[in-house]
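Read the structure below first, then the notes.
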Amino acid sequence: MMVRPNICAAALICFVQPVAADYAQIRDQALFALENGDCAKVWDMLWPHAKAGEVQARADLATLPYLRDFHYPGLAGDQISRTRDTLILAVHGAANGDPTAVETARAYLEVSNAGRAVSSCLEGATDPSAAARCVEGAVADGVIPDFPSFALGLDTVATLDAALPARCTP
């Protein structure tokens, strides 16, 4: 069973964090695509920004499984892989102090000792720089991979013939 923190009663609740103007427009278009069930388009719109360092895009991608039963691209399409990807995106998305990403990350992190230390760090982070230090610590301690390695892994798997695209289940 997937951990589902009580964070996303509606799409508008999950997409409220202020963002840079250029990303905000992309985000609005992605939300429209999500409302219309075009999950592959949502991925194609947000993923390049997440890889380019837009922390809010990482946070937004972490909330997608709660909004539309979203599946990230990959080979298996299984719950464990989706949970792993959501955790990594949520922790990296928490680096700017996004409350939704912090809550999502903390819900997933509570299941292991190493994760609980990161969860406690995020809970005590009072500003984005403190949250970023928590994420850096999670990477340094091997709780999650650094974002470039994670992105390379997802992109590599997505190019395989057997890979499933980003999608939402009906």
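The values are calculated or read from the model by the stated rules, or taken from the named source; none is laboratory data. All figures in this text were calculated on a predicted structure; none of them were measured in a lab. Please note: Cβ atoms are built from the backbone with ideal geometry, for glycine as well, and neighbour counts cover all protein chains shown.
Remarks
- Verdict on residue 162 being part of a loop (DSSP other than H, G, I, E, B) and under 25 Å from residue 38 (Cα atoms): yes
- So residue 85, is it in a helix (DSSP H, G or I) and farther than 16 Å from residue 145 by Cβ: no
- Residue 98 of a type in the set (Asp, Glu) and more than 12 Å from the chain's Cα centre (by Cα): no
- Exactly one residue among 146, 85, 155, 141 is charged (D, E, K, R), in contact with a Phe, Trp or Tyr (Cβ under 7 Å, 6 or more places away or on another chain) and modelled with pLDDT of 90 or more, and that residue is 85.
- Taking the listed residues 52, 33, 40, the one that is without any contact (Cβ under 8 Å) to a residue 24 or more places away in the chain, surrounded by fewer than 19 Cβ atoms within 10 Å (Cβ to Cβ), over 28 Å from residue 123 (Cα atoms) and small (Gly, Ala, Ser) is 33, with no other qualifying.
- Subset tally (residues that are acidic (Asp, Glu), assigned to a helix (DSSP H, G or I) and under 20 Å from residue 164 (Cα atoms)) for the stretch 31-47: 1
- Unique residue being in a helix (DSSP H, G or I) and touching a helix residue (DSSP H, G or I) at 6+ places or on another chain (Cβ under 8 Å) when the list is 107, 50: 50
- Here 28, 60 are screened, and the one residue that is farther than 16 Å from residue 96 by Cα, of a type outside the set (A, V, I, L, M, F, W, C), modelled with pLDDT of 80 or more and assigned to a helix (DSSP H, G or I) is 28.
- Just one of the listed residues (81, 119) is free of Cβ contacts under 8 Å to residues at least 40 places away in the same chain, at negative phi and over 14 Å from the mean Cα position of the chain (by Cα), namely 119.
- Yes/no for residue 142 being closer than 27 Å to residue 43 by Cα and either without any contact (Cβ under 8 Å) to a residue 60 or more places away in the chain or outside any loop (DSSP other than H, G, I, E, B) (or both): yes
- Condition broken by residue 129, with the remaining ones in (1) within 26 Å of residue 44 (Cβ to Cβ); (2) part of a helix (DSSP H, G or I); (3) without any contact (Cβ under 8 Å) to a residue 12 or more places away in the chain; (4) not β-branched (Val, Ile, Thr) satisfied: (1)
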